[in-house]
Amino acid sequence: MYTEKVMDHFFNPRNVGEIDNASGVGEVGNAKCGDIMRIYLDIENDIIKDVKFKTFGCGAAVATSSMATELIKGKSIDNALQLTNKAVTEALDGLPPVKLHCSVLAEQAVRAALSDYYTKLGVDPEPIVGKIVSDIHEHEHHEEHHGCCGGNCGGCSCEH
C-alpha cells in the first residue's frame with residue numbers, strides 16, 4: 001500500500017517538465033520494469049536554482065522523482081550529492097519493498113545530471129559524483145533490498 005505522501009506526489013507531482021539549456025541532464029532506467037527518469041538541473045554558483053523531471057513509469061517512480069526534486073531544489077551541489085535513496089523513501093514515509101528500486105532510480109538520476117554538469121565543465125565527474133549506473137536493474141542485484149523484486153524472485157534473475 002502506498003503512503004499518503006506517495007499518493008500526493010503521484011497525483012500532484014512537483015517540478016515536472018524540462019529546462020532548456022540545462023546545466024546538467026541525467027537519465028537512468030530499469031530495463032526490467034520499464035521505468036525511465038530524466039532530471040534537468042539549472043545550477044548557478046554551485047546552487048541548484050531549478051530542477052525539473054520527466055518520468056515514464058509507475059506511480060512510485062513519479063512520486064520518487066517528484067520528491068527527489070523537492071529535496072534538492074535550492075540546495076548546494078554538495079547537499080544534492082548527499083541525497084540517498086533512503087532519504088527519498090523516508091521523505092515519502094516509505095515505499096513497498098517491491099518499489100524501492102524507484103528511490104534508487106531517483107538518486108541515480110540526480111547523480112547522472114550532476115555528472116553531466118561536471119562533464120560540461122570539463123571536469124571528470126566520477127571522483128565527485130561516483131559511478132553512474134544507467135540501468136538500475138543490472139546494479140540492483142548487488143543492492144541489499146533487491147528493489148527489482150523485493151527479494152521475491154519469481155521470474156527475476158537475482159541470485160540470493
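What's the number of the condition Ala109 fails, among (1) modelled with pLDDT of 95 or more; (2) more than 17 Å from the chain's Cα centre (by Cα); (3) open to solvent by less than 60 Å² (accessible area, probe 1.4 Å)?
Failed condition: (2).
Could you tell me which residue of region 119-160 is modelled with the lowest pLDDT, considering only residues that are in a helix (DSSP H, G or I) and open to solvent by 30 Å² or more (accessible area, probe 1.4 Å)?
Per the criteria, the residue is His139.
Cβ-Cβ distance below 6 Å, separation of 6 or more or different chains: which pairs start in region 15-38 with a residue that is of a type in the set (Lys, Arg) and end on one that is open to solvent by 60 Å² or more (accessible area, probe 1.4 Å) and assigned to a strand (DSSP E or B)?
Arg38/Glu27; Arg38/Lys54
Of the residues that make up region 95-103, is at least one farther than 18 Å from Tyr2 by Cα and crowded, with 16+ Cβ neighbours inside 10 Å?
Taking every residue of region 95-103 in turn, none turns out to be farther than 18 Å from Tyr2 by Cα and crowded, with 16+ Cβ neighbours inside 10 Å.
Does Glu44 fit the bill of being within 14 Å of the chain's Cα centre (by Cα), charged (D, E, K, R), open to solvent by 20 Å² or more (accessible area, probe 1.4 Å) and at negative phi?
The answer is no for Glu44.
Identify, please: which residue in region 6-25 is over 27 Å from Glu44 (Cα atoms) and under 17 Å from the mean Cα position of the chain (by Cα) and is, among those, most open to solvent (accessible area, probe 1.4 Å)?
My answer is Phe10.
Could you tell me how many of the residues in region 1-27 are modelled with pLDDT of 95 or more, aliphatic (A, V, I, L, M) and not in a helix (DSSP H, G or I)?
4
What helices (runs of 4 or more DSSP H), lying completely within region 54-105, carry at least 3 residues that are in contact with a Lys or Arg (Cβ under 8 Å, 6 or more places away or on another chain)?
Filter on region 54-105 gives 59-72.
The values are calculated or read from the model by the stated rules, or taken from the named source; none is laboratory data. Given the structure is predicted, the values throughout are model-derived calculations rather than measurements. Counting neighbours? That spans all protein chains shown, and the Cβs are built from the backbone with ideal geometry, glycine included. These accessible areas exclude ligands, DNA and RNA; they are computed on the full protein's heavy atoms, side chains included. Shrake-Rupley method; radii C 1.70, N 1.55, O 1.52, S 1.80 Å.
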